[in-house]
Every structure is written in structure tokens, then in C-alpha cells.
1. Please work out if Thr214 is over 21 Å from the mean Cα position of the chain (by Cα), more than 18 Å from Gly31 (Cα to Cα) and touching a residue at least 24 places away in the same chain (Cβ under 8 Å).
2. Hey, among Val141, Val121, which residue is among the β-branched types (Val, Ile, Thr), over 12 Å from the mean Cα position of the chain (by Cα), within 18 Å of Leu49 (Cα to Cα) and at pLDDT 95 or above?
3. Would you check if Asp67 is modelled with pLDDT of 80 or more, more than 22 Å from Leu102 (Cα to Cα) and not hydroxyl-bearing (Ser, Thr, Tyr)?
4. From the list Ala149, Ala123, Ala145, Ala105, pick out the single residue that is open to solvent by less than 10 Å² (accessible area, probe 1.4 Å), touching a strand residue (DSSP E or B) at 6+ places or on another chain (Cβ under 6 Å), over 19 Å from Glu177 (Cα atoms) and of a type in the set (Gly, Ala, Ser).
5. Please state which one of Arg74, Arg100, Arg114 is over 19 Å from Val38 (Cβ atoms), open to solvent by 90 Å² or more (accessible area, probe 1.4 Å) and of a type outside the set (Asp, Glu).
6. Output the residue which, of all residues in the range 45-62 that are open to solvent by 40 Å² or more (accessible area, probe 1.4 Å) and part of a loop (DSSP other than H, G, I, E, B), is nearest to Trp148 (Cα to Cα).
7. Of the residues Thr80, Thr42, only one is more than 18 Å from Ala145 (Cα to Cα), in a loop (DSSP other than H, G, I, E, B) and modelled with pLDDT of 95 or more; which?
8. What residue, of Asp108, Asp151, Asp127, Asp158, is of a type outside the set (Phe, Trp, Tyr) and in a helix (DSSP H, G or I)?
Amino acid sequence: MGWTDEHGRRLTDYDRPSVAVDVALLTLDAGGRLAVVVHERTGAHARGLPALPGTFLHVDGAETLRDAALRALRDKVGVTGREPEQLRVFDDPARDPRGRVLSVAHVDLVGHDRIEGTTGVLAPVEDGTLPYPLAYDHDLVVAHALRWARDRYAAAPDPAGLAGGEFTLLELQGVHEAVEGRRLQKDTFRRRVADGLVETGHVRAGTVGKPARTFRRR
């Protein structure tokens, strides 16, 4: 007979919303601007609209939310080898006109070289806004993803390693400015990140002035 609650109802007797996974994959584009990977929807609904890579969770099998996020990245934008983390649940009853759909949004921040083969499009978000609206409530997902990334970069030097394994302080500051979405005062920034860096003992020749020392994250 299976499990029933105190009212004699089984789980299948209760309304169940659909569960989706959407992934805000942030990166720096070739021009050093913060961007998010989007794709053009090809399904029957919202066809042709730009959207974050997403999919419905396969609830009848053993698929986890993590599995679904990885499947969305692979199938929608051709990205593999990532490990996005859960961002938050988006549960506005009106977020999807097809019906009640909960979205467990995921987020990741990765260097452009790690996703060079993506079939998606990089939409710049350097000023905190997208150049065009996205399907469903994906603009809101991106806004929360930006806040997540900026909180991380305010707390530590380049936690996602966007500047590479070895960098000058000027290069590091450029990365932080792109992610944080604001200009940073040089001396204040360098005091802020000093404890999280180690000198490599190398220098890098620049176009102006003396060669710059290079650093790595502690």
C-alpha cells in the first residue's frame, strides 16, 4: 500500500510543482568585461529568446540537482568540467507562464579560457544590467549571481582565479574592478589584498615604467 500521512494521503495525492535548474555562468569576455553565458531557446516555449542554460529535473530517476545543472551546461552551451554551486531558489508563482515551476538556480565564475568552446553567447553585465531581457525571471537570477560574485571578490583576492596563477597587482586590480563593477583606488586596493598574496620573485615588463613584480594567491 505504501506510505500515507495522518490523513490517509500519499505523496502523489498532493500538488507537486515542477522543478527546474538554471545556471548563471559568469566569466570575463575577451575585452575583460564581466559577462554571463546565455543561449537562444530552441524549445516550443519562449523560442528564440535569450536565456540562461537550464533544464527540468528528471524526478523519475536518480538525477540530483547537481546532475541537472551539469546537464544544462553541457547540452545548452557546450560547457563541461565545471562545478557550479547552488545560489538560491526562485519560487514566484508567476515566474513561468507554463505553470508552477520552482527554479533552483546555480552559479559559477570561471576564466574565459575554461569555456572557450562554449556554444553560448557572452552577454556583458559590467554595469549590472544585461543588454537585452532574458526569458522567464533569468534577469533576476543574474542579479543575484552578480551579488554572489561581488561578495566573494570583496572578501578575498581573485577567489575564482580569473587573473591566472601569476599576475601583477595592476592585472589583479583590473579583474576586481570588472567583477565588482566599480573603479578601485590603487593604494587602498593593494592594502586590502596584501595579506592574501605572495610574491613570486619574478617581474613582468610593461609598456610604461619599470618592470612590475608578480604575485600569486596565498
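1. On the way: over 21 Å from the mean Cα position of the chain (by Cα): yes; more than 18 Å from Gly31 (Cα to Cα): yes; touching a residue at least 24 places away in the same chain (Cβ under 8 Å): yes.
In short, yes.
2. Details: Val141 fails: over 12 Å from the mean Cα position of the chain (by Cα).
Selected residue: Val121, the only one of Val141, Val121 that is among the β-branched types (Val, Ile, Thr), over 12 Å from the mean Cα position of the chain (by Cα), within 18 Å of Leu49 (Cα to Cα) and at pLDDT 95 or above.
3. Values: modelled with pLDDT of 80 or more: yes; more than 22 Å from Leu102 (Cα to Cα): no; not hydroxyl-bearing (Ser, Thr, Tyr): yes.
No.
4. Details: Ala149 fails: over 19 Å from Glu177 (Cα atoms); Ala123 fails: over 19 Å from Glu177 (Cα atoms); Ala145 fails: over 19 Å from Glu177 (Cα atoms).
Among Ala149, Ala123, Ala145, Ala105, only Ala105 is open to solvent by less than 10 Å² (accessible area, probe 1.4 Å), touching a strand residue (DSSP E or B) at 6+ places or on another chain (Cβ under 6 Å), over 19 Å from Glu177 (Cα atoms) and of a type in the set (Gly, Ala, Ser).
5. Details: Arg74 fails: over 19 Å from Val38 (Cβ atoms); Arg114 fails: over 19 Å from Val38 (Cβ atoms).
Checking each option against the conditions leaves just Arg100.
6. Looking only at the range 45-62, we keep the residues that are open to solvent by 40 Å² or more (accessible area, probe 1.4 Å), and these are 45, 47, 49, 56, 58-62.
Filter once more, keeping what is part of a loop (DSSP other than H, G, I, E, B): 45, 47, 49, 58-62.
On the way: His45: 29, Arg47: 29, Leu49: 25, His58: 27, Val59: 28, Asp60: 32, Gly61: 31, Ala62: 29 Å.
Checked the range 45-62; the qualifying residue nearest to Trp148 (Cα to Cα) is Leu49.
7. Working: Thr42 fails: modelled with pLDDT of 95 or more.
Of Thr80, Thr42, the one residue that is more than 18 Å from Ala145 (Cα to Cα), in a loop (DSSP other than H, G, I, E, B) and modelled with pLDDT of 95 or more is Thr80.
8. Values: Asp108 fails: in a helix (DSSP H, G or I); Asp127 fails: in a helix (DSSP H, G or I); Asp158 fails: in a helix (DSSP H, G or I).
Checking each option against the conditions leaves just Asp151.
The values are calculated or read from the model by the stated rules, or taken from the named source; none is laboratory data. The structure displayed is predicted, hence computed values, not measured ones. Cβ sites come from the backbone with ideal geometry, for glycine too, and all protein chains shown count toward neighbours. Heavy atoms of the whole protein, side chains included, go into the accessibility calculation; ligands, DNA and RNA do not. Shrake-Rupley method; radii C 1.70, N 1.55, O 1.52, S 1.80 Å.
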